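J.: If you scroll down you'll find the structure; I have some questions about it.
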Amino acid sequence: MDSGTAYGLRLGSPLHDLAQVGQGTGYGEVLRRYWQPVAKSEDATTRPKRLKVLGEELTLFRTRRGEVGLLHPRCIHRGASLYYGGVEDDGIRCCYHGWVFDTEGKCLEQPCEPELGLHRDRVRQPWYPTQEQYGLIWAYMGPPEKKPVLPRYDTFENLPEGEVLIVDDNGVGGGGPALLDFNWLQHWENVMDPFHVPILHARFSGNQFTPEMALIPEVSYEYTPNGVRSIQMRSLGDGRELRRVTEVMFPNLRVVASPKLASGQTNMIGWVVPEDDTSFRIFTIARDADPEFLKKLRSTHEGRPWADLDEADHQRLPGDYEAQKSQGDISLHSEDHLTTTDQGVAMVRRMMAKQVKAVAQGGDPVGVIFDDADVVVPVIGGNYFQGELVTEAQREAVDD
């Protein structure tokens, strides 16, 4: 008798508390307790721009005096979208009846009302605080009384002569569209899955990185004060030993060193920012002497970029996009059969669940910073060849 067929199969469900990002959802509230990158600085102009972040529709603009505004698009007067508004010296004017709002949502003018609105100070357009740093615009979308300090990262501080900061919002790595059309968690937890590299990026897709990355590593994992870290050991056969350190930092940072094996502390960090439950964007900051560094880093498929492949090519040469998108718009996590090589993924999910519980109980999630003295965050991730550690702190972190 046949057994184990698909007849009568009943599929499971996603881990909604971890995967969903809207207001009031478990991890959605965690994400809102941190500053999130929402656009490149150059994208904020006097022409309003539509954004969608964590399931919320927003309007981004820059006043003529240079201040950045991030407002809810539905005008509180009669509901016309501020996307069609006109940006002025101190704010944005609604196209319908001309109400003007500054970058903090305060109503400055109601031109059809006596004296430009005798009671205009009684209304306020919903808004979010913003800051500019490293060429990105950051927004804090959580409870005002819990607003933390916007962190800085040691790998981007004190740039060596000749290096510049590079900002990209089109993803990095194995290719795919700029706006990824599936749940963000399927990508973020993949950072703690080093075992897919020699299979997906070597055996299937033709050694997209270096011969060393095609070796199956020995891997250990550890919790850190603000995330999870993997340490991947590869004996390279020429007497060298590679320690490759990869991190996820909460709530949605990916710290992945160059797959081309540039030595030392990583020079790039990515933020996996959900637009909603089934789409996300990756904002990446890097430092390098070559402004084209991130573009050149992207993997190719037999020398061709991902966008140039047809459907037969995508099937024959799958990359991260195909593997992660094919899990579904939102993966059915309850159907997973995790094994020893999925330890890092399991640790990420457990730590996420703890942050959901902490926030729900009124506490603070890991890694939020309220003291300016702690504003610079150390980055450990990188490629380290026998003794080539950047600092003593990194040496201790990798050797532990």
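Nothing in this text is a laboratory measurement; each read-out follows from the coordinates by a stated rule. These numbers come from a predicted model, not from an experiment. So basically every Cβ, Gly included, is an ideal-geometry build from the backbone, and we count neighbours across all protein chains shown.
J.: Pairs to check: Lys146/Lys295; Lys147/Lys295; Lys295/Lys354; Lys49/Lys106. Give those whose C-alpha atoms are more than 29 Å from each other in this structure. Spell out each step's value before the answer.
T.: Values: Lys146/Lys295 37 Å; Lys147/Lys295 34 Å; Lys295/Lys354 36 Å; Lys49/Lys106 20 Å.
Distance filter (> 29 Å) returns Lys146/Lys295; Lys147/Lys295; Lys295/Lys354.
J.: Shifting gears a bit: In nm, what is the difference between 0.36 nm times the number of residues separating Thr224 and Gln327 and their Cα-Cα distance?
T.: Values: separation 103, 0.36 × 103 = 37.08 nm, distance 2.83 nm.
Here the segment from Thr224 to Gln327 would lengthen by 34.2 nm.
J.: How much net charge surrounds Glu57 when only the other residues with a Cβ under 14 Å from the Cβ of Glu57 are counted, with Lys and Arg +1 and Asp and Glu -1?
T.: Residues near Glu57 contribute +1 overall.
J.: Give me the percent relative contact order of region 44-131, please, defined on Cα pairs under 8 angstrom at least 6 residues apart.
T.: 23
J.: For a quick protection proxy, order the peptides 358-366, 68-76 by their average other-Cβ count within 10 Å, most packed first.
T.: Ranking the peptides 358-366, 68-76 by packing returns 68-76, 358-366.
J.: Would you give the gap between the C-alpha center of region 323-341 and the C-alpha center of region 17-65, rounded to a whole Å?
T.: Here the two parts' Cα centres lie 27 Å apart.
J.: For Lys296, go through the lysines and keep the ones whose alpha-carbon is under 21 Å away, minus same-chain ones fewer than eight residues off.
T.: Straight-distance partners of Lys296: Lys40, Lys260.
J.: Explain nothing, just the number: dipole magnitude of region 44-131 about its Cα centre with +1 on each Lys and Arg Cβ and -1 on each Asp and Glu Cβ, in debye rounded to the nearest 20.
T.: On the way: 14 positive and 12 negative charges, 74 e Å.
Rounded to the nearest 20 debye, it is 360 debye.
J.: Moving to a separate point now. When the Karplus curve 6.51 cos²θ - 1.76 cosθ + 1.60 is applied with θ = phi - 60°, which whole-Hz ³J(HN,Hα) does each residue of region 312-323 get, with x for Gly and Pro?
T.: Calculated HN-Hα couplings, in order: 5, 5, 4, 6, 7, 10, x, x, 4, 4, 4, 5 Hz.
J.: Can you tell me, using C-alpha contacts under 8 Å and at least 6 residues apart, the relative contact order of region 210-291 as a whole percent?
T.: 17
J.: Order of 371-382, 344-355 by packing, highest average Cβ count within 10 Å first?
T.: Answer by packing, highest mean first, reads 344-355, 371-382.
J.: Read phi for every residue in region 264-278 and hand back ³J(HN,Hα) as whole Hz from Karplus 6.51 cos²θ - 1.76 cosθ + 1.60, θ = phi - 60°, with x for Gly and Pro.
T.: Couplings: x, 4, 4, 9, 8, 9, x, 10, 8, 9, x, 7, 7, 6, 10 Hz.
J.: Something else now. Subtracting the Cα-Cα distance from 0.36 nm times the residue separation, let me have the gained length for Thr45 to Arg350 in nm, one decimal.
T.: Fully extending the segment from Thr45 to Arg350 adds 105.7 nm.
J.: Please list the radius of gyration and Dmax for the chain, considering alpha-carbon atoms only, with Å as the unit.
T.: Values for the chain (Cα only, Rg and Dmax): 23.1, 86 Å.
J.: Got a sec? Which residues in region 237-253 would a label at Phe370 touch, if it sits 7 Å along Cα→Cβ and we count backbone N under 20 Å?
T.: 250-251
J.: A follow-up question, please. What order do you get for 272-282, 48-58 when each peptide is scored by the mean count of other beta carbon atoms within 10 Å, highest first?
T.: Highest to lowest by the protection proxy: 272-282, 48-58.
J.: Something else now. Any chance you could check the Cα centroid distance between region 348-384 and region 124-184 for me, in angstrom?
T.: Region 348-384 and region 124-184 have Cα centres separated by 16 Å.
J.: Shifting gears a bit: Between His16 and Glu67, how high is the FRET efficiency from 1/(1 + (r/R0)^6) when r is the Cβ-Cβ distance and R₀ = 45 Å? Nearest 0.05.
T.: Efficiency at R0 = 45 Å is approximately 0.75.
J.: Just to be sure I follow: if Rg is taken over the C-alpha atoms of region 44-131 and Rh is the Kirkwood radius over the same atoms, what is Rg/Rh?
T.: 0.94
J.: If you don't mind, there's one more thing I want to ask. What angle, in degrees between 0 and 90 and rounded to the nearest 10, separates the Cα long axis of helix 343-360 from the longest principal axis of the Cα atoms of the chain?
T.: So the inclination is approximately 30 degrees.
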